[in-house]
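Please treat every number below as a calculation from the coordinates, not as lab data. Here the structure is a predicted model, which is why all the values come from computation and not from measurement. Glycine gets a Cβ as well: all are built from the backbone with ideal geometry, and neighbour counts include every protein chain shown.
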Amino acid sequence: MSYELPAPFKELVKEYPDVCEAFQSLGTQCHNAGPLDTKERKLAKLGIAIGAGSEGAVHSAVRNALQADVSKEEIMHVSILAITTIGLPNAIASITWVKDVLAKS
């Protein structure tokens, strides 16, 4: 599954390459800071994005999870788990965001 970075992010990279490089380095350091494997990290990041209520972050987390061979069923399970934590209306919103990406994969 290929994905084109959003135009505003590409502009940010052009205008502030050092900031973007530092941000990318921080992400790498965070991923390497503990014992979670790639799949576990991708599922955790999806749960965090859902909990934050960020549509863009959920879309990104689903794309990243799919690229890491996380199954659609595992991705949906994380979405369903959100129901009892963030409430049904918020979980339904996040499920629609997840399905936006899954429908394209």
Protection proxy ranking of 95-101, 71-77, 21-27, 60-66 - average other beta-carbon atoms within 10 Å, highest first:
60-66, 95-101, 71-77, 21-27
Helix 17-31 against the longest principal axis of the chain: what's the angle in degrees, Cα atoms only, rounded to the nearest 10?
50 degrees
Return a single number: how many Lys pairs in the chain, at a sequence separation of 8 or more or on separate chains, have alpha-carbon atoms below 21 angstrom apart.
11
Dipole of the chain [Lys/Arg +1, Asp/Glu -1 at C-beta], most positive-end residue of Ala44, Gln24, Ala93
Ala93
Which of Val19, Val70, Val58 moves most in a GNM of the chain, Cα contacts under 10 Å?
Val19
Out of these labelled values of Rg/Rh (Cα atoms, Kirkwood Rh), (1) 0.96; (2) 1.02; (3) 0.99, which was calculated from the coordinates shown here?
(3)
